């Protein structure tokens, strides 16, 4: 029998190939490249205006923009300013855009890890050849690989557009940080989708349940904050959705970054372990 | 001969429904072992537990001397399975999928490719390697399913209803394949076609409502009934039946219109089945009652109906 790491690699690679050959996978990637290019173009066009705005008579308007970003992301104005001064603002914008689309992208491309294999009983062709831990993790890694590939494609298309059009200095290390960060941030959501997949065993139900959970968490946290006036409870409920509370990873403040990173990793480990335990025990 | 598969006290329930109620059986190495039973008898559940798809509530499965741990696969090369109603992936070619199975079993890429070609040729479909599942009929997909079960030449192969939905020609091809591999591999097969089981299997297990009613050689199951079944082209007259009852070996004679068969009971202690059959054949010729078929013992189907009590209703 093949070693477990080799089996993991085979499952991951097979799932990646499967998704890249599927109509939905090809369409999603094509749409993503087009949208990213359009966003990159807008960001590149905005770069010059932002540069002008930061100097001279529009400095006040630029300050207002920074305050707006700080208020939206709930981060100190100084942290926002430092980040935008240290890195190319359009690239920071691209980072923020990717953080915004990452949940939708993960949902679209990662909702079906093991669910349809359980539903169609394809999993039975695999279950007598490979242990379930390797199978589950391989499929999770396959989904993570396709989502990371999509995010990387989007990040690179935007960055190239920004560097060429806006003429700003290339920041390859910052681009790597963007890609790694958004990819790592996608992992907890993918583990959540994997858990729903093994619990329900029906791909479409997983997608529906995930969207409903997203809405429910948003409504419940909003209700806790505004009706019950319990900010702590609102925060706690909000973090039940795996991609919430990750904005600190966009900015350069290390303390917030570490807390967010710990939350992302912790969520992925706990929810991933729950999914794994259930998948080991469930009937296929 | 040592057992290829040893099952002890297997239990499995779905809520209040008891699918397996303490099934124990021993499948001898090499040859074809049949599992029969009415719908809901627990055949697929039994196969699913052996294959590790379902977790048993109690009991154990040993394949090739190794105890199977639920959730983990049996040792490499020990087991191949054709599950019932499992699907292939629509996006990739069947050759790519079979190659994937081979790689998971620890074969190198070249070995896996060679196995894909070998197994597809075995099931008579070498041309489908580059095709996607949607291009194939149900019967062809079933044969590709059989091919995947044979990758790596496993010691034990489980076929859950391998000929269900196949035309007679394709089914005959599968029978031939099973006979080809049986001398070197242990084949466990379930089917609703009891004629198929009777002609293919050396040993059979009869399941009913999750319980093993009997495990025995097919010959013993069908042959122990001290009865001769004669298929006639015309129904015998009451006088002809009386004359048959007059034979020394025969204890009872009756015509079964629903089957179109004459049933003749004989005393198995006093007369060997062969002699009784010869006497009956001679008498039928004397009576100018041409027979189409003379069978010693009952068919597996008749025995199955008797054992499971389905004929009572």
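The residues on offer are A:100, A:77, A:84, and the sole one that is closer than 30 Å to residue A:140 by Cβ and free of Cβ contacts under 8 Å to residues at least 24 places away in the same chain is A:100.
Residues that are part of a helix (DSSP H, G or I) and more than 22 Å from residue A:151 (Cα to Cα) were ranked within segment A:1-17; the one that is farthest from the other protein chains (Cβ to nearest Cβ) is A:5. The set of residues from segment B:58-67 being at pLDDT 90 or above and either facing chain A (nearest Cβ under 10 Å) or surrounded by 14 or more Cβ atoms within 10 Å (Cβ to Cβ) (or both) comprises B:59, B:60, B:61, B:62, B:63. Evaluation of residue A:98 against the conditions (1) modelled with pLDDT under 80; (2) part of a helix (DSSP H, G or I) shows that the sole unmet condition is (1).
Residues in segment B:45-57 that are more than 9 Å from chain A (Cβ to nearest Cβ) and either on the phi > 0 side of the Ramachandran plot or surrounded by fewer than 21 Cβ atoms within 10 Å (Cβ to Cβ) (or both): B:57 alone. What about residue A:142, is it within 14 Å of chain B (Cβ to nearest Cβ) and farther than 30 Å from residue B:67 by Cβ? Taking the combined requirement at face value, the residue satisfies it.
Quick grid of which residues meet (1) over 28 Å from residue A:129 (Cβ atoms); (2) out of contact with any helix residue (DSSP H, G or I) (no Cβ under 6 Å at 6 or more places or on another chain):
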site	(1), (2)
A:188	yes, no
A:203	no, no
A:244	yes, no
A:254	yes, yes
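Only one entry in B:110, B:137 is under 23 Å from residue A:12 (Cα atoms), more than 14 Å from chain A (Cβ to nearest Cβ), free of Cβ contacts under 8 Å to residues at least 12 places away in the same chain and over 17 Å from the mean Cα position of the chain (by Cα), namely B:110.
Taken over segment B:55-78, the criterion of being part of a loop (DSSP other than H, G, I, E, B) and out of contact with any strand residue (DSSP E or B) (no Cβ under 7 Å at 6 or more places or on another chain) is satisfied by B:55, B:65, B:69, B:70, B:71, B:72, B:73, B:76, B:77. May I ask you to verify whether residue B:84 is closer than 22 Å to residue B:185 by Cβ, more than 7 Å from every other protein chain (Cβ to nearest Cβ) and either in contact with a strand residue (DSSP E or B) (Cβ under 8 Å, 6 or more places away or on another chain) or assigned to a loop (DSSP other than H, G, I, E, B) (or both)? Yes: the conditions hold for residue B:84.
Do any strands (runs of 3 or more DSSP E) lying entirely in segment B:1-42 carry at least 1 residues that are more than 14 Å from the chain's Cα centre (by Cα) and farther than 18 Å from residue B:155 by Cβ, and which ones are they? So that I can check it myself, show each step before the final result.
On the way: elements: B:3-14, B:17-28, B:31-36.
Result: B:3-14, B:17-28.
Figure legend. Inter-residue proximity from segment A:121-137: first residues more than 7 Å from chain B (Cβ to nearest Cβ), second residues outside any helix (DSSP H, G or I) and at pLDDT 95 or above, beta-carbon distance below 6 Å, spacing 6+ or different chains. No pairs are indicated. Of all the residues in segment A:60-74, those that are in a helix (DSSP H, G or I) and in contact (Cβ under 8 Å) with a residue 40 or more places away in the chain number 1.
Among residues of segment A:18-41 being in contact with a helix residue (DSSP H, G or I) (Cβ under 8 Å, 6 or more places away or on another chain), at pLDDT 85 or above and surrounded by fewer than 16 Cβ atoms within 10 Å (Cβ to Cβ), the one that is farthest from the other protein chains (Cβ to nearest Cβ) is A:35. The single condition among (1) within 14 Å of another protein chain (Cβ to nearest Cβ); (2) surrounded by 17 or more Cβ atoms within 10 Å (Cβ to Cβ) that residue A:260 does not meet is (1).
Would you mind stating whether residue A:175 is closer than 28 Å to residue A:210 by Cα, assigned to a helix (DSSP H, G or I) and touching a helix residue (DSSP H, G or I) at 6+ places or on another chain (Cβ under 6 Å)? Against the criterion (closer than 28 Å to residue A:210 by Cα, assigned to a helix (DSSP H, G or I) and touching a helix residue (DSSP H, G or I) at 6+ places or on another chain (Cβ under 6 Å)), residue A:175 does not qualify.
Restricting to segment B:246-271, name every residue that is over 16 Å from residue B:231 (Cα atoms), without any contact (Cβ under 8 Å) to a residue 40 or more places away in the chain and loosely packed, with under 13 Cβ neighbours inside 10 Å. Please lay out each step first, then the result.
Here is the first cut: in segment B:246-271, the ones over 16 Å from residue B:231 (Cα atoms) are B:246-252, B:266-271.
The next check asks that each one be without any contact (Cβ under 8 Å) to a residue 40 or more places away in the chain; those that pass are B:246-252, B:269-271.
Correct list: B:246, B:248, B:252, B:269, B:270.
Looking for something away from chain A (no Cβ under 14 Å) and either at pLDDT 95 or above or in contact with a helix residue (DSSP H, G or I) (Cβ under 7 Å, 6 or more places away or on another chain) (or both) - is there at least one such residue anywhere in segment B:149-158? No, every residue in segment B:149-158 fails to be away from chain A (no Cβ under 14 Å) and either at pLDDT 95 or above or in contact with a helix residue (DSSP H, G or I) (Cβ under 7 Å, 6 or more places away or on another chain) (or both).
The values are calculated or read from the model by the stated rules, or taken from the named source; none is laboratory data. What you see is a predicted model, and the numbers here were worked out from it, not measured in a lab. No Cβ is skipped: glycine too gets one built from the backbone with ideal geometry, and neighbour counts run over all protein chains shown.
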